[in-house]
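Handing you a structure now.
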Amino acid sequence: MRRERPRRLALAASGLLLLSASCSKPDETIFENRAALRSGEGRAFNLQPGSYKLDLSAAGGVVSVEWIGGECPRVDSTRSLSTTCRIDREGQLVIRNTKIGAGDIDLTVKVVRLGREPH
């Protein structure tokens with residue numbers, strides 16, 4: 001009888017683990033593109049509340065990255081970035097080629113809405 005009780009607890013715990021794993025939403029790619037970003041030009045992505053992952057690379061120059069609607073830090077100058085941000089209200093992700101007269105940047109961007117909160 002004593003051996004049966006730990007087994008029941010283990011089965012119940014494994015069922016809870018399966019239930020919580022099946023309730024999480026899948027990640028959703030919001031935007032994925034490679035394009036030229038002209039000198040002084042920017043791109044804005046409208047975002048609904050949630051957690052997002054950004055992967056970007058800027059060949060031929062640097063860009064600034066700003067999250068509007070969340071508590072995430074602004075990045076003033078980067079050639080590549082992989083980061084996450086929690087947006088609390090409707091907001092935007094804004095990426096800019098900040099160098100005036102410096103030519104085009106080959107920008108690769110991927111924005112993913114995370115189905116669960118990042119750790």
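State the number of residues belonging to the stretch 59-92 that are within 15 Å of Val109 (Cβ to Cβ) and either aliphatic (A, V, I, L, M) or part of a strand (DSSP E or B) (or both).
Residues meeting the conditions: 16.
Yes/no per residue for (1) crowded, with 17+ Cβ neighbours inside 10 Å; (2) under 16 Å from Leu114 (Cα atoms); (3) of a type in the set (Phe, Trp, Tyr); (4) under 14 Å from the mean Cα position of the chain (by Cα):
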{"site": "Asp27", "(1), (2), (3), (4)": "no, yes, no, yes"}
{"site": "Glu32", "(1), (2), (3), (4)": "no, yes, no, yes"}
{"site": "Leu37", "(1), (2), (3), (4)": "yes, no, no, no"}
{"site": "Glu41", "(1), (2), (3), (4)": "no, no, no, no"}
{"site": "Leu54", "(1), (2), (3), (4)": "yes, yes, no, yes"}
{"site": "Cys72", "(1), (2), (3), (4)": "yes, yes, no, yes"}
{"site": "Thr84", "(1), (2), (3), (4)": "no, yes, no, yes"}
{"site": "Leu93", "(1), (2), (3), (4)": "yes, yes, no, yes"}
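Considering each residue of the stretch 93-115, count those that are under 17 Å from Glu28 (Cα atoms) and in a loop (DSSP other than H, G, I, E, B), and give that number.
Total meeting the criteria: 2.
Residues in the stretch 91-119 that are in contact with a strand residue (DSSP E or B) (Cβ under 6 Å, 6 or more places away or on another chain) and more than 18 Å from Ala58 (Cβ to Cβ): how many?
Going through the stretch 91-119 one residue at a time, the tally reaches 7.
Values quoted throughout were computed directly from the atomic coordinates according to the rules given, and no laboratory measurement underlies them. As the structure is a computational prediction, the values presented were derived from the model and not from experiment. Counting neighbours? That spans all protein chains shown, and the Cβs are built from the backbone with ideal geometry, glycine included.
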